[in-house]
Amino acid sequence: MVLALGGLAVLALWGLDAVRIQPNRIVSGTGHGLIEALGTGPALLVMLPLALVMALAWRPTRGREALMLMLVTAMLAAMPWALSLFIGQFIDDPGGAARAAVSGASWLVGFALILMLIDLRQRLQPGALVTLVLIAVSLGSLGVAFGRGALDSLALVQEYEVRRAAFAEAIVNHLILVGVAVGASLVLALGLALWMRRVAGVRQGVLGVLSFIQTIPSLALFGLLLAPLAWLASRFPLLSDLGIQGIGWAPALLALVGYSLLPMTRNTFIALDGVDPDVIEAARGMGLAPLQVFFQVRLPLALPLLIEGIRITTVQAIGLAAVAALIGAGGLGTFIFQGLGQAAMNLVMLGALPIVLMAMLVDALLKALADAARRGDADDRTG
Amino acid sequence: MRPDAGTPMIELDNVSKSFGDAVAVDGISLNVPAGSLCVLVGTSGCGKSTTLRMINRLIEHTGGEIRIDGHQIRRFNEVTLRRRIGYAIQNTGLFPHWTVARNIGVVPRLLKWDKARTRERVESLMALLGLDVEAFAGKYPHQLSGGQAQRVGVARALAADPDILLMDEPFGALDPITRSSLQAELLRIQSRIRKTIVFVTHDMDEALRLADQIVVMQAGRIIQQGTPSEILAHPSDDFVETLVGGRDRGLKRASLTPVGEMMESLPDDGRVPAVHVLQTDSMRLAVSLMLWHGVSQLAVVDDTGETVGMLPLRRLVDDFGE
Ligand SMILES: Nc1ncnc2c1ncn2[C@@H]1O[C@H](COP(=O)(O)OP(=O)(O)OP(=O)(O)O)[C@@H](O)[C@H]1O
Ligand SMILES: [Mg+2]
């Protein structure tokens, strides 16, 4: 795994452009690779640490893996600075119109390093503290580089600089949209799942309707909601005072909830229904009242699968919420569509990157939570 | 306030249960005296579990009357009723997210016993069932062997000191040796605590070994009830006869009879047979010893090793058979 990723990174550095220098915002500019800019000798020197990691990965032992972990973290931390130095070769005044777009080789090396880090962490299973330090070192270095203005020539940073306020607002908007949609669908899904468990006949029907909603393309669903909500708003002024209109957050939220319902309901149902019937029977036989059976036995035992459902749904909603920008719901999608409209790919990146990061973060967080739930409540040993 | 032995603790009066059109239990009547162990036995699907689960109202009966301690069970709140009745089932139904100690303490906690009393009770029950407190209290069910899990299941059923214990094939999933040692343990515990136990099994050997009273069921009805030796001696029909082992019955009966009941006094010449058997061993073991050692008489000793009598082969043929 590490070997393959290292190879990929080397190949990318060899064959692809590291940055693309643009004289101004719209012109696509010219790309520059490592070898062409530095010459073969210095370029090989840059690849040396990668080669070292690959050599260690050839016959891995625990000690070597620990060494690899440190090397990879160091490389990740060094990347913003290296990039800054490299760009300095082409751009003299960081405040000017000229800018550098991060291109293929740099992206690939960055991703390869992150994946190596994840893989090595999996294998070494270090404590939470070590993991935290690893993340702090790599993110901290990026933060310092950014704060010191080392990355000011980056097109991405320049796009951000002119939209600081809008960016913060977009992130908050995005989070609210996703949070409310996931929260609402969780409550609805619990209700639906309980109903499906109680009345055997509704199960197929509910799941059928939900998977039908899932098949409508997201843009079409937004479109479909446009007309009825606009009509409602015009009929009832109170609603439009509340912000409920054909466009904006109301249809976006409705559509997001609609999409979230299928994975959420299906997982919640399977989680609750899959609890060992013998355990439930024993709980009832011991004299737990129905609510006690549910909250002390069924729910805790269903929790890991339930959280898994929340994870899948949330990751999906984070991506879908980007599309909601099209109907004026705000969020990070706004930058993506603006950027597409202006052919400014770095603006697209400004929207897309945080979405990817957010999805990865939520994914990791909820996975850890599900694992913790699976281990059970180990704290109670006395009865 | 345990009733005197002999008065019925559990009474089933013409009790029926139908699931829609299907009749699972069909008008059965049954008395279980306080402090006795009643075994329901029969082939799969004959309604044993249904009968058992009607007693703690996990299933509501559709006809007849069930009384506990003279009171109709419908009068009780079902949750309160169940907390007063111990319940153990085949696959243990232990709560996988709770430790052994918490599993055993579930009913005391529901009854709001204070922490110290619950813990004390849990520890004494673990000791009673041969579970080392240090080693097992903090373990989770998936860390236990089948036999250990089943012991925990029984301890949990006994936790709030209920007068009644319902057990549905509690040893059904165990290997023969573990099963046999748990049966012995149940008998040992029962001789100390004298609960009223209804025990379900489809294994006639288990029934013969444990029961004060055996109830043979077929297709939702009771076809015979009586003590183990009554059932062995006079099976009411071919079905019961097959169930008690057909031509193997002689040995089954021998395994129920202690040697002490059949022994004779020592002959006057004072010659003691070389091979001996314990007074409390079964006749089945005595026969086995005779076959193995090729002798026709055994010395009978008590548990201090004192010779108290002798057992000649002739006794088996003369007085033991029908
Ligand atoms: N909830 C239910 N709904 C419908 N039929 C049921 C239900 N529970 C049991 N039955 C039926 O009632 C009959 C008796 O079932 P029961 O579980 O009492 O049998 P059993 O004697 O315990 O069998 P086993 O030895 O296999 O456990 C069976 O025919 C079974 O299919
Ligand atoms: Mg059964």
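The values are calculated or read from the model by the stated rules, or taken from the named source; none is laboratory data. What you see is a predicted model, and the numbers here were worked out from it, not measured in a lab. Neighbour counts are summed over all protein chains in view; Cβ atoms, including those assigned to glycine, are modelled from backbone coordinates with ideal geometry. Only protein heavy atoms, including side chains, enter the accessible area calculation; ligands, DNA and RNA are left aside. Shrake-Rupley method; radii C 1.70, N 1.55, O 1.52, S 1.80 Å.
Details
- Residues of the range B:96-146 satisfying the condition of being more than 12 Å from chain A (Cβ to nearest Cβ), surrounded by 17 or more Cβ atoms within 10 Å (Cβ to Cβ) and part of a helix (DSSP H, G or I): B:Leu128
- Selected residue (criterion: modelled with the lowest pLDDT) from residues of the range A:312-353 that are part of a helix (DSSP H, G or I) and among the polar types (S, T, N, Q): A:Asn346
- Flag for A:Leu332 being facing another protein chain (nearest Cβ under 10 Å) and touching a residue at least 40 places away in the same chain (Cβ under 8 Å): no
- Some residue of the range A:186-208 being open to solvent by less than 40 Å² (accessible area, probe 1.4 Å), touching a residue at least 40 places away in the same chain (Cβ under 8 Å), small (Gly, Ala, Ser) and in the same structural domain as A:Ala250 (by TED's automatic domain parsing): yes
- Of note, B:Asp237 satisfies the criterion of being closer than 27 Å to B:Ile214 by Cβ and assigned by TED's automatic domain parsing to the domain that holds B:Gln218.
- The number of residues in the range B:182-212 that are within 16 Å of ligand 1 (Cβ to nearest atom) and open to solvent by less than 30 Å² (accessible area, probe 1.4 Å) comes to 7.
- Restricting the range B:14-31 to residues that are within 16 Å of ligand 2 (Cβ to nearest atom) and touching a strand residue (DSSP E or B) at 6+ places or on another chain (Cβ under 9 Å), the residue that is nearest to B:Ile223 (Cα to Cα): B:Ile28
- Each residue in the range B:72-81 was checked for being open to solvent by less than 10 Å² (accessible area, probe 1.4 Å) and at the interface with chain A (Cβ under 8 Å from one of its Cβ atoms), and 1 of them qualify.
- Restricting A:Thr40, A:Thr73, A:Thr30 to those that are of a type outside the set (A, V, I, L, M, F, W, C) and in contact (Cβ under 8 Å) with a residue 40 or more places away in the chain reduces the list to A:Thr73.
- Take the conditions (1) at negative phi; (2) touching a residue at least 60 places away in the same chain (Cβ under 8 Å); (3) within 16 Å of ligand 2 (Cβ to nearest atom); B:Leu58 misses just one of them, which is (2).
- Total residues in the range B:124-165, condition among the basic types (Lys, Arg) and closer than 16 Å to B:Arg82 by Cα: 1
- Filter result (assigned to a helix (DSSP H, G or I) and over 22 Å from the mean Cα position of the chain (by Cα)) within the range A:73-104: A:Ala74, A:Met75, A:Ala78, A:Trp81, A:Ala82, A:Leu83, A:Ser84, A:Leu85, A:Phe86, A:Ile87, A:Gly88
- Among the residues listed as B:Gly70, B:Gly93, the single one being at positive phi and more than 21 Å from the chain's Cα centre (by Cα): B:Gly70
- Annotation: of all residues in the range B:213-225 being part of a strand (DSSP E or B) and either of a type in the set (Asp, Glu) or open to solvent by 10 Å² or more (accessible area, probe 1.4 Å) (or both), the one that is farthest from ligand 1 (Cβ to nearest atom) is B:Gln213.
- For B:Gly47, the conditions (1) at pLDDT below 90; (2) within 14 Å of ligand 1 (Cβ to nearest atom) are fulfilled apart from (1).
- Looking only at the range B:147-181, and only at residues there that are at pLDDT below 90 and within 14 Å of another protein chain (Cβ to nearest Cβ), the one that is farthest from ligand 1 (Cβ to nearest atom): B:Ala173
- Matching residues in the range B:258-289 - criterion: being part of a strand (DSSP E or B) and closer than 17 Å to B:Glu306 by Cβ: B:Pro258, B:Glu264, B:His276, B:Val277, B:Leu278
- Answer from B:Leu52, B:Leu40, B:Leu58 - the residue that is over 19 Å from A:Ala283 (Cα atoms) and within 16 Å of ligand 1 (Cβ to nearest atom): B:Leu40
- Leading residue by the ranking (farthest from B:Pro33 (Cα to Cα)) among those in the range B:184-208 that are in contact with a helix residue (DSSP H, G or I) (Cβ under 6 Å, 6 or more places away or on another chain) and either more than 13 Å from ligand 2 (Cβ to nearest atom) or in a helix (DSSP H, G or I) (or both): B:Met204
- Residue within the range B:97-115 that is farther than 30 Å from B:Gly147 by Cβ and away from ligand 1 (no atom under 16 Å from the Cβ) present: yes
- Only residues that are without any contact (Cβ under 8 Å) to a residue 60 or more places away in the chain and either more than 14 Å from every other protein chain (Cβ to nearest Cβ) or among the basic types (Lys, Arg) (or both) were counted across the range A:287-321, and they come to 6.
- Residue identified as of a type in the set (Asp, Glu) and either within 15 Å of ligand 1 (Cβ to nearest atom) or surrounded by 23 or more Cβ atoms within 10 Å (Cβ to Cβ) (or both) among B:Asp13, B:Asp69, B:Asp26: B:Asp26
- Meets criteria (within 10 Å of chain A (Cβ to nearest Cβ) and either touching a Leu at 6+ places or on another chain (Cβ under 6 Å) or not in a loop (DSSP other than H, G, I, E, B) (or both)) for B:Thr51: no
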